[in-house]
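Novice: Got a structure for you, written out below as structure tokens; questions coming shortly.
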């Protein structure tokens, strides 16, 4: 894999490597004014052909069109050369949600607030007719205040262009059962995937007892294994929040929440009730709810 550090790409000076993903590498970068950005570089290779990369670029452009209605990482520019494609985005100082999950001492209230904010964002993109298809902690970026922003909108565009080929259709451990079995996905698949990442945020683990190290094994786990009750992973979780998690993680589509607005509504209600249980000054739950909910 090529190291792009120090190179100039479309007027952006590429800085140190920030992270690696299944479709490319992300670098910090700066423009001629010294403003900071992130640049995702995707090199053409046998497993990631030009057709798939064109679709990924299309997905990035599509996300920029709905970024005003939801917390989505803003895309400033896209382009390609003979050897690689690139996407220039806002640089998010807080890193990914994946990094926050591994931190100790993050208040439970803050985690629920992050989940609520993200639920509202996913609800918004669904109302715009967009299915994300690869919701996972690594695709959730955090700003300096740990407000979550969604990124990597490429799944739907890849499907429309039939550009998947050998390209993985989502990330196995966060897939819904129907997605793992290769079926056509809907917004309900995003609801399940959101349930997996929110479960992990609150418990520190994904909701299965067995975790395979290979793709085919993990797909079997997702499609066949029972969900571990979240209270077994975190005995401080109450019945209400466990119920919200388990409803998102039902194997059958018809048994899940029917839309993400319902998920967001239940999380808001949870914070409201929790806030009323704390007398006196404005509770931590109320402060968190007000901070993370997007202003209309």
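The values are calculated or read from the model by the stated rules, or taken from the named source; none is laboratory data. Predicted model only: the values in this text are computed from it and were never measured. Ideal geometry is used to build each Cβ from the backbone, glycine not excepted, and the neighbour counts take in all protein chains shown.
Novice: With the condition being at pLDDT below 95, in contact with a strand residue (DSSP E or B) (Cβ under 6 Å, 6 or more places away or on another chain) and at negative phi, I'd like the helices (runs of 4 or more DSSP H) fully within the range 28-133 carrying at least 3 qualifying residues.
Specialist: Helices (runs of 4 or more DSSP H) meeting the threshold: 50-65.
Novice: So which residues in the range 136-158 are outside any helix (DSSP H, G or I) and closer than 14 Å to residue 101 by Cβ?
Specialist: Our first condition is that a residue be outside any helix (DSSP H, G or I); within the range 136-158, this holds for 136, 140-154.
Those that are outside any helix (DSSP H, G or I) and closer than 14 Å to residue 101 by Cβ: 136, 140, 141, 142, 146, 148.
Novice: What's the number of the only condition in (1) within 25 Å of residue 127 (Cα to Cα); (2) modelled with pLDDT of 95 or more that residue 159 fails to meet?
Specialist: (2)
Novice: Next up: Which of the residues spanning the range 1-23 are farther than 20 Å from residue 143 by Cβ, within 19 Å of the chain's Cα centre (by Cα) and without any contact (Cβ under 8 Å) to a residue 60 or more places away in the chain?
Specialist: Correct list: 20 only.
Novice: I'd like to know if the range 209-216 contains one or more residues that are at pLDDT 95 or above, assigned to a loop (DSSP other than H, G, I, E, B) and over 16 Å from residue 174 (Cβ atoms).
Specialist: For the range 209-216, residues at pLDDT 95 or above, assigned to a loop (DSSP other than H, G, I, E, B) and over 16 Å from residue 174 (Cβ atoms): absent.
Novice: If a residue has to be buried (at least 19 other Cβ atoms within 10 Å of the Cβ) and either more than 16 Å from the chain's Cα centre (by Cα) or farther than 30 Å from residue 50 by Cα (or both) to count, how many in the range 92-108 make the cut?
Specialist: 1
Results for (1) modelled with pLDDT of 90 or more; (2) in the same structural domain as residue 172 (by TED's automatic domain parsing); (3) not in a helix (DSSP H, G or I), shown as yes or no for each residue.
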{"position": "197", "(1), (2), (3)": "yes, yes, no"}
{"position": "235", "(1), (2), (3)": "yes, yes, yes"}
{"position": "268", "(1), (2), (3)": "yes, yes, no"}
{"position": "274", "(1), (2), (3)": "no, yes, no"}
